[in-house]
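Have a look at the structure below before the remarks.
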Amino acid sequence: MTPPTLATLGSLLPAAGAVALLVRTLAQRPSRPARTGPVQMPVERPAAPARRVRPEPAPHPCDTCGTEITGRETTCAGCARAALGASGPGARTTLLHWLVFLAMMTAILGAGYALAP
Ligand SMILES: [Zn+2]
């Protein structure tokens with residue numbers, strides 16, 4: 001086969017997929033039962049009981065600074081942010097990660113550029 005023939009066949013693949021989906025959908029559709037006699041109206045079932053909502057706990061002080069907070073948290077947003085900033089990666093680590101990322105992207109893009117016809 002010549003490359004133009006392959007390209008033409010490749011462009012037909014989405015259309016073939018769409019036809020296959022249509023055929024499958026039509027095959028799975030339940031057939032209508034034949035109408036005989038009066039139409040049966042659906043019976044309305046009683047509604048299911050509503051879910052019980054757990055009550056929100058009362059406001060309580062933050063474990064670290066004592067600020068009053070609501071919900072199920074144990075520390076306030078400020079203390080959580082401060083703890084994350086203290087334990088997160090430093091600027092040197094972030095710079096190292098960026099340098100490794102740039103080196104890898106340069107290698108990948110350079111290889112692609114060198115190998116491209
Ligand atoms: Zn706090």
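Rule-based calculations on the coordinates, nothing more; no lab input. Model, not experiment: these values are computed from the prediction. Reconstructed Cβ throughout: ideal geometry from the backbone, glycine too, with neighbour counts over all protein chains shown.
Values computed for the structure shown
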| read-out | value |
| --- | --- |
| Fewest-first sequence of E73, E44 by Cβ atoms within 10 Å of each Cβ | E44, E73 |
| For the chain, the longest site-free run once trypsin sites (Lys or Arg not before Pro) in DSSP loop states with at most 13 other Cβ atoms within 10 Å are removed | 73-117 |
| Placed amide H near I69: partners under 5 Å, 5+ positions off or other chain | H60, C62 |
| Potential extension, M105-A86 segment - 0.36 nm per residue separation minus Cα distance | 3.8 nm |
| Diffusion coefficient, µm² s⁻¹, Stokes-Einstein with Kirkwood Rh over alpha-carbon pairs of segment 26-91 at 20 °C and 1.002 mPa s | 115 µm²/s |
| Gaussian network model of the chain, springs between alpha carbon atoms under 10 Å - residue of L96, L84, L13 with greatest fluctuation | L13 |
| Residue-wise HN-Hα coupling along segment 44-57, computed from phi with Karplus coefficients 6.51, -1.76, 1.60 (Hz; x: Gly, Pro) | 7, 8, x, 5, 5, x, 5, 5, 7, 8, 5, x, 5, x |
| Fewest-first ranking of I69, I108, using other Cβ atoms within 10 Å as the exposure measure | I108, I69 |
| Kirkwood Rh in Å, taken over the chain so that all alpha-carbon pairs contribute | 24.4 Å |
| In order through segment 92-104: 3J(HN,Hα) via Karplus (6.51 cos²θ - 1.76 cosθ + 1.60), integer Hz, x for Gly, Pro | 5, 5, 5, 4, 4, 4, 5, 5, 5, 4, 5, 5, 5 |
